[in-house]
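The values are calculated or read from the model by the stated rules, or taken from the named source; none is laboratory data. For clarity, every value in this text was computed on a predicted model and none was experimentally measured. We place every Cβ from the backbone using ideal geometry, glycine too, and count neighbours over all the protein chains shown.
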Amino acid sequence: MTYNNILLERDGAVALIRLNRPKVHNALNNALMSELSDALKALDAFLEKRTPEWKHR
């Protein structure tokens, strides 16, 4: 899936989700929250049970 407000990277058993709205200092909005929710659901099976690490750009 293509996202406009987040960047999703996968490397083996590690997935990194970055907020990607630098013009508004990564302020949360409905579109970003929806993309984040979709990405986390998509990664659920991939990641099994791992600890997420949150970063921003």
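A few points about this structure:
- Residues in the stretch 8-27 that are modelled with pLDDT of 85 or more, out of contact with any strand residue (DSSP E or B) (no Cβ under 8 Å at 6 or more places or on another chain) and among the hydrophobic types (A, V, I, L, M, F, W, C): Val24, Ala27.
- Condition broken by Lys41, with the remaining ones in (1) at pLDDT 95 or above; (2) under 12 Å from the mean Cα position of the chain (by Cα); (3) basic (Lys, Arg) satisfied: (1)
- Sub-7 Å Cβ pairs linking a first residue in the stretch 1-25 that is more than 15 Å from Lys41 (Cα to Cα) to a second residue that is β-branched (Val, Ile, Thr), at least 6 apart or interchain, are Arg18/Ile6; Leu19/Ile6; Asn20/Ile6, ordered by first then second residue.
- Residues of the stretch 10-29 satisfying the condition of being among the charged types (D, E, K, R) and over 14 Å from His56 (Cβ atoms): Arg10, Asp11
- Meets criteria (at pLDDT 95 or above and of a type in the set (A, V, I, L, M)) for Leu32: yes
- In the stretch 1-23, the residue that is nearest to Glu53 (Cα to Cα) out of those that are surrounded by fewer than 17 Cβ atoms within 10 Å (Cβ to Cβ) and of a type in the set (A, V, I, L, M, F, W, C) is Leu16.
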